[in-house]
Every structure is written in C-alpha cells, then in structure tokens.
C-alpha cells in the first residue's frame, strides 16, 4: 500500500475544516503574519515620525513589494504576499490621490462594510456565507441546506464574522473621521490579524462537529 503524502496545512478560511486548529498554519506561519502586519506598521511609524505622506506610502509599498520578490526568488508560494501588496497598493493610491493620510485605511473600511452587509444579507435570505464557503471547500455545493441543524450552525458562525466586521467599523470609523492616523493605524493592526484569527478559531469550534458526518449521510430534516 503506497504511503500517502502529508496533508498540507490548512490556511485561511479552509482552516475551519481541519481536524485540528493551528493558528500558525491558519495565518501562513510567522512569515505570513509578518507580511500581513509589517507594511501597515511601517506606514504609520514612518508617517508619525516624518509627517510625510509620500515617505510613508513609499516605505509601506516597498516593504510589501520586497515580500513578493523574496517569495519569488525563493520559489515560494507568493499568493499571500501578492494579495497583501494589492491591498497596500489600493490603499496607497487612495491616500496619495486625496492627500489625506487617513485614506490609507479607507479601502479596508469599505471592504469591511461590504463584508458586513454580505454576511447580514446571507443570513436574512437563509444562505449563510460560512455554509456556502464550507460547501465549496468540501465540494458539496448546497447539500448542507437540507439539514436545518447545519443551516442554524452556519448562521451562528456567519454572525461571528458579521460581529468582527461590525466591531472594526465601530472602532475605526470615528478615528477615520477625526483623521487620527496614529490611533487609526494602531487599531487597524490590533483588529486585523489577531481579531481575524480569533474569529477563525471560534468558527472552527462551531463547525468542527459538522465535519464528523458528511452532509450526504445526514438525514434530511426538512419536510
């Protein structure tokens, strides 16, 4: 019997379907954490130290670009660093065109608002987003909708994500309108990867029982 290959670590949202939850694997390891945090940290530190928006934007984009180059040179998987530089580039362009440092965070506010609306709407129409994601990852499409218990579980899990997006907006929007770049940058980092990882872990706790029995083997609870 051939020896099976080792299962690659689950990263990002796919971590909620793992047998065990590894925070380090979910965030892409220490390197993934650094690539997610350092560009934003560099922006706020350089801006507060120099009060130069241009210098802060150049520094943050340079750091994000360097992460992509290093990944490519080492023939690593550049997906995470590429997605990071896209976000940094959009934020930098927004801030540069407006000339306002606080607009470096405008893109994240808009995306969090969009995700919050998507979560709430998906719950309202009884297609909770977490259920959709789990169905896609497990190649089971919409089979989970035949089980009311699963629909209810995925609805609670989706509320978790809605709460995360709502908390980010509740904290950061007042700082954004006050143009308080220092505190905006600090809360952006604090409510970024740490809060996302906590929400991911809580989601894993909720849905891990749903992995025990394939949806196809569950008796339908709908009339």
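Does residue 40 qualify as being part of a helix (DSSP H, G or I) and under 20 Å from the mean Cα position of the chain (by Cα)?
Against the criterion (part of a helix (DSSP H, G or I) and under 20 Å from the mean Cα position of the chain (by Cα)), residue 40 qualifies.
Of all residues in the stretch 93-119, which are under 19 Å from the mean Cα position of the chain (by Cα) and surrounded by fewer than 16 Cβ atoms within 10 Å (Cβ to Cβ)?
110, 111, 113, 114, 117, 118
Evaluate the stretch 173-186: report whether one residue or more is over 18 Å from the mean Cα position of the chain (by Cα), free of Cβ contacts under 8 Å to residues at least 12 places away in the same chain and outside any helix (DSSP H, G or I).
Yes, some residue in the stretch 173-186 is over 18 Å from the mean Cα position of the chain (by Cα), free of Cβ contacts under 8 Å to residues at least 12 places away in the same chain and outside any helix (DSSP H, G or I).
For residue 163, which of the numbered conditions (1) surrounded by fewer than 19 Cβ atoms within 10 Å (Cβ to Cβ); (2) in contact with a helix residue (DSSP H, G or I) (Cβ under 6 Å, 6 or more places away or on another chain) fails to hold?
Of the numbered conditions (1) surrounded by fewer than 19 Cβ atoms within 10 Å (Cβ to Cβ); (2) in contact with a helix residue (DSSP H, G or I) (Cβ under 6 Å, 6 or more places away or on another chain), the odd one out for residue 163 is (2).
Condition first: part of a helix (DSSP H, G or I), at pLDDT below 95 and over 27 Å from residue 199 (Cβ atoms). Can you find one or more residues in the stretch 75-89 that meet it?
no
Provide a single number: the residues in the stretch 189-212 that are at pLDDT 90 or above, surrounded by fewer than 17 Cβ atoms within 10 Å (Cβ to Cβ) and outside any helix (DSSP H, G or I).
1
Applying the selection to the stretch 121-155, what residues are surrounded by fewer than 17 Cβ atoms within 10 Å (Cβ to Cβ), in a helix (DSSP H, G or I) and either within 17 Å of the chain's Cα centre (by Cα) or free of Cβ contacts under 8 Å to residues at least 24 places away in the same chain (or both)?
Result: 121, 124, 136, 137, 152.
Going residue by residue through the stretch 71-87, is there one that turns out to be touching a helix residue (DSSP H, G or I) at 6+ places or on another chain (Cβ under 8 Å) and at positive phi?
There is no residue in the stretch 71-87 that is touching a helix residue (DSSP H, G or I) at 6+ places or on another chain (Cβ under 8 Å) and at positive phi.
The values are calculated or read from the model by the stated rules, or taken from the named source; none is laboratory data. Keep in mind the model is a prediction, meaning the values are calculated, not measured. So basically every Cβ, Gly included, is an ideal-geometry build from the backbone, and we count neighbours across all protein chains shown.
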